1. Under 8 Å between Cβ atoms, which residue pairs at least 6 apart in sequence (or on different chains) link something in segment 151-162 that is touching a residue at least 12 places away in the same chain (Cβ under 8 Å) with a partner that is of a type in the set (D, E, K, R)?
2. Which ones in segment 58-68 are closer than 19 Å to SER168 by Cα and exposed (fewer than 15 other Cβ atoms within 10 Å of the Cβ)?
3. Just a yes or no: is a residue in segment 88-108 open to solvent by 60 Å² or more (accessible area, probe 1.4 Å) and under 18 Å from ALA49 (Cα atoms)?
4. Which residue, of PRO141, PRO127, is touching a strand residue (DSSP E or B) at 6+ places or on another chain (Cβ under 7 Å), open to solvent by 40 Å² or more (accessible area, probe 1.4 Å) and not polar (S, T, N, Q)?
5. Would you check which residues across segment 166-190 are open to solvent by 40 Å² or more (accessible area, probe 1.4 Å) and touching a Leu at 6+ places or on another chain (Cβ under 8 Å) and list them?
6. Mind counting the residues in segment 109-124 that are open to solvent by 30 Å² or more (accessible area, probe 1.4 Å) and farther than 20 Å from VAL35 by Cβ?
7. Please identify the pairs in which a residue from segment 67-89 that is outside any loop (DSSP other than H, G, I, E, B) has its Cβ atom under 7 Å from the Cβ atom of a residue that is surrounded by 16 or more Cβ atoms within 10 Å (Cβ to Cβ) and charged (D, E, K, R), counting only partners at least 6 apart or on another chain.
8. Looking only at segment 19-39, decide whether some residue is touching a strand residue (DSSP E or B) at 6+ places or on another chain (Cβ under 6 Å), under 22 Å from GLN75 (Cβ atoms), at pLDDT 95 or above and not in a helix (DSSP H, G or I).
Amino acid sequence: MSNLSELAKRINIRHGRGPLRGHCDAKSFNMKLPVIIKNIAGVSNIELANIIRMSSDVQSRETNVKAAMTDWFMQRQFPIFNSLADIAIDIAKEASPHEVKLELYDIWGAIYNRGDFTKAHDHWPHPWSFVYYVKSGPRTPLVFPDAPYSLNPKTNDMILFPGILCHSVPIHESDEERIVVAGNINIKYS
């Protein structure tokens, strides 16, 4: 059985059947959406990895992330997460179709070990989401199943994408850790 078949069997992918996509009035559109990947220099990956490891698995694998995951709002305790979010916000400002004020909503970390994965999901209602690769795992892509499209990021890569895009991570099949920081950006109205 292929890895993709195994993944589809292990998780309930609601591809095309989520609340928005499965709505009785939903229409299909063929459109291009920005999925931006940038290599970021100067981020302390050692500090980020240590904080994420120290934070343990506070989510107990009860989210879409079936890996060790931190608290949702790491920016409240650790300034380095705000610094990383500022980079994501700058990229989002460049990618936004109109000039708007943006702000971080939440940011968290996750460590994937062999057998860990993330279920297909989106980040609606956030206009922008991002993932930063503290330590990239070999052969474990970020998948956008509606496209279909996938990326194989390297350490120090940041991926920014519209929050409405469905995405997932297949089963991590390496003994090397895959460590990421992910978050959501909102429009600031005040």
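The values are calculated or read from the model by the stated rules, or taken from the named source; none is laboratory data. What you see is a predicted model; the values in this text were computed from it and never measured. When we count neighbours, we look across all protein chains shown, and the Cβ atoms used for this are built from the backbone with ideal geometry, even at glycine. Accessible surface areas use protein heavy atoms only, side chains included; no ligands, DNA or RNA. Shrake-Rupley method; radii C 1.70, N 1.55, O 1.52, S 1.80 Å.
1. That search, which allows pairs on different chains as well, returns ASN152/ARG139; THR155/LYS135; ASP157/LYS38; MET158/LYS38; LEU160/LYS38.
2. SER60, ARG61, GLU62
3. No, because not a single residue in segment 88-108 is open to solvent by 60 Å² or more (accessible area, probe 1.4 Å) and under 18 Å from ALA49 (Cα atoms).
4. Only one candidate passes the filter, namely PRO127.
5. ILE187, LYS188
6. So the count comes out to 2.
7. Short answer, once both residue conditions are applied: PHE73/ASP106.
8. Among the residues of segment 19-39, at least one is touching a strand residue (DSSP E or B) at 6+ places or on another chain (Cβ under 6 Å), under 22 Å from GLN75 (Cβ atoms), at pLDDT 95 or above and not in a helix (DSSP H, G or I), which makes the answer yes.
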